[in-house]
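Just so it is clear, none of the values below were taken in a lab; they were calculated from the coordinates. Quantities reported herein were computed from a predicted structural model and do not represent experimental measurements. We place every Cβ from the backbone using ideal geometry, glycine too, and count neighbours over all the protein chains shown.
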Amino acid sequence: MSNNNPIGVFDSGMGGLSVWKVLREHLPHESLLYFGDGARCPYGARTREEVLRFTVEAVEKMLAQGCKMIVLACNTATAVAVKHLRATYPDVVFVGLEPAVKPAVLSTESGIVAVLATRRSLEGDLFRQTSQQYADRAKILAVVGEGFVEIVEQNEEHTPEAEQAVRRVVEPLIEAGADRIVLGCTHYPFLREVIERVVGERRVEVIDSSEAVERRVEYLLDERGLRADEDHLPQYEFASEAGEEYISKMRAKVGL
């Protein structure tokens, strides 16, 4: 059994492209439809009601395009909307994101783990439950990556301003003893190079969820018989509430 319909990948903006790239690399036969809101990004400081409404609107558009599975490549959207989506569309396969706290806690040597995420993600039930589950194993420092999403949306990852913003957030965490930094927002991996430069020679590992999400997608494709044919020529489509110029920027960000 196979299914050549696209996998939908949703984010508030361009951040989910970090997940899109991993999916494309590991699933070369799968078509991908990426929906980056863009017009209302960032979601991190918006109300729960707004995030839920925006996410449902996007999901309905992606389902109308025939998506066989939807990856919520947005930690904020996952935190706010994934339970509602699974209850509302019980026949749709949803893959959500949450900060990779578990691998960070299980591998830390200092016993201190930093989680960088949006304010809305850090206030979500998923993060609270996960943090409580591992609270006896490590001290978890939860911090908002102030300005990180905006830097990525404006393609300013390689500017002095980006490094200044990263230093303001990351250096206090290292000074506090964190030896694992979890990237709890899909925009943040685009700043990984800058983060690692700030970390320097110190024994600090940067962790994100993209690989774990890809493995989950593969598992569900096999479990549900949804894989594309091996000779299927994949199509890569992009959509946005922000219009054609934004779509062009998204395509450029992944080298298309």
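Measure nothing fancy, just the Cα-based angle from helix 75-88's long axis to the longest principal axis of the chain, in degrees from 0 to 90, nearest 10.
40
According to the square roots a ≥ b ≥ c of the eigenvalues of the Cα gyration tensor, what is the shape class of segment 101-207, taking rounded for a/c under 1.5, prolate for a/b larger than b/c otherwise, and oblate for the remainder? Walk me through the intermediate numbers first.
On the way: a/c = 2.31, a/b = 1.37, b/c = 1.68.
Since a/c reaches 1.5 but b/c is at least a/b, the shape of segment 101-207 is classed as oblate.
Would you mind checking the tilt of helix 244-253 against the longest principal axis of the Cα atoms of the chain, expressed as 0 to 90 degrees and rounded to 10?
Approximately 60 degrees, to the nearest ten.
Once both axes come from the Cα atoms, what is the angle between helix 210-224 and the longest principal axis of the chain, in degrees from 0 to 90, rounded to 10?
30
Write out the GluC sites (Glu not before Pro) in segment 104-146 meeting two conditions: DSSP loop, and at most 12 other Cβ atoms within 10 Å of their Cβ. Let's see the in-between values first.
Details: sites: GLU109, GLU123, GLU146; in loops: GLU109, GLU123, GLU146.
Sparse-neighbourhood loop GluC sites (Glu not before Pro): GLU109.
What is the count of Lys pairs in the chain whose alpha carbons sit under 26 Å apart, if the two are 8 or more places apart or on different chains?
Here the count comes out as 14.
What shape does segment 15-110 take by its C-alpha gyration tensor, where a ≥ b ≥ c are the square roots of the eigenvalues and a/c under 1.5 counts as rounded, a/b above b/c as prolate, and the rest as oblate? Mind dumping the intermediate values first?
Details: a/c = 1.65, a/b = 1.20, b/c = 1.37.
Oblate, because a/c is 1.5 or more while a/b does not exceed b/c.
Mind listing which trypsin sites (Lys or Arg not before Pro) in segment 195-256 are in a DSSP loop and have 12 or fewer other Cβ atoms within 10 Å? Mind showing how you got there, number by number?
Numbers: sites: ARG197, ARG202, ARG203, ARG215, ARG216, ARG224, ARG227, LYS249, ARG251, LYS253; in loops: ARG202, ARG203, ARG227.
The qualifying sites are ARG202, ARG203.
Go ahead and estimate [θ] at 222 nm for the chain from helices alone: -39,500 (n - 2.57) per DSSP H run with n ≥ 4, summed, over the residue count, rounded to 500. Spell out each step's value before the answer.
Details: 11 runs with 117 residues, N = 256.
Taking each H run of at least 4 residues, the total per residue is -13500 deg cm²/dmol.
Can you give the charge dipole size of segment 101-207 about its Cα centre, rounded to the nearest 20 debye, using +1 on the beta carbon of Lys and Arg and -1 on the beta carbon of Asp and Glu? Could the numbers behind the result be given before it?
Values: 13 positive and 18 negative charges, 96 e Å.
In debye, rounded to 20, segment 101-207 gives about 460.
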